[in-house]
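These notes are about the structure you will find just below.
The values are calculated or read from the model by the stated rules, or taken from the named source; none is laboratory data. These figures come from a predicted structure and were not determined experimentally. Methodologically, a virtual Cβ is constructed for each residue, glycine included, from the backbone with ideal geometry; neighbour enumeration extends over all protein chains shown. Surface accessibility is based on the protein's heavy atoms, side chains included, excluding ligands, DNA and RNA. Shrake-Rupley method; radii C 1.70, N 1.55, O 1.52, S 1.80 Å.
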Amino acid sequence: MKNIVLMCAGGMSTSIIMKNIKKAADVEGLECEVSAHAVNEAATIGRNADCILLGPQVGYAKDEVCAACPEVPVGVIPMTTYGMMDGVKALAQAKELMGL
């Protein structure tokens, strides 16, 4: 089971795209856990992730998150994907980060 962690400013704005990623994973038959957290939790929450996706509003923190979780691939969700709450595209990005 893969662990996809989404991070935003407060962990709240990613809840819709989190649900849409989970739906897309279910359709594909990909077993995964998807959770949303505040970016300031990266050092504790992110270390157990298979990948971390940052909301575009916290893309500036990518270097900090990479430093806090050096073994975990980190990506920033494109603004268009995030704005459309496109779980399929966000899942594709996560899969690419995880090498799937």
Would you call ALA94 at pLDDT 95 or above, crowded, with 22+ Cβ neighbours inside 10 Å, hydrophobic (A, V, I, L, M, F, W, C) and touching a strand residue (DSSP E or B) at 6+ places or on another chain (Cβ under 6 Å)?
yes
Out of ALA43, ALA67, ALA9, report the one residue that is open to solvent by less than 60 Å² (accessible area, probe 1.4 Å) and on the phi < 0 side of the Ramachandran plot.
ALA43
Only one of (1) touching a residue at least 24 places away in the same chain (Cβ under 8 Å); (2) within 16 Å of ASN3 (Cβ to Cβ) is not met by ASP26, so which one is it?
(1)
Return only the number of the condition from (1) at pLDDT below 95; (2) open to solvent by less than 70 Å² (accessible area, probe 1.4 Å) that LEU100 does not satisfy.
(2)
Condition first: surrounded by fewer than 22 Cβ atoms within 10 Å (Cβ to Cβ) and in contact with a Cys (Cβ under 8 Å, 6 or more places away or on another chain). Now tell me which residues in the stretch 12-35 satisfy that.
LYS22, ALA25
Given (1) hydrophobic (A, V, I, L, M, F, W, C); (2) in contact with a Pro (Cβ under 6 Å, 6 or more places away or on another chain); (3) touching a residue at least 24 places away in the same chain (Cβ under 8 Å), index of the condition MET79 fails
(3)
Please verify whether the stretch 55-66 includes one or more residues that are among the hydroxyl-bearing types (Ser, Thr, Tyr) and at pLDDT 95 or above.
yes
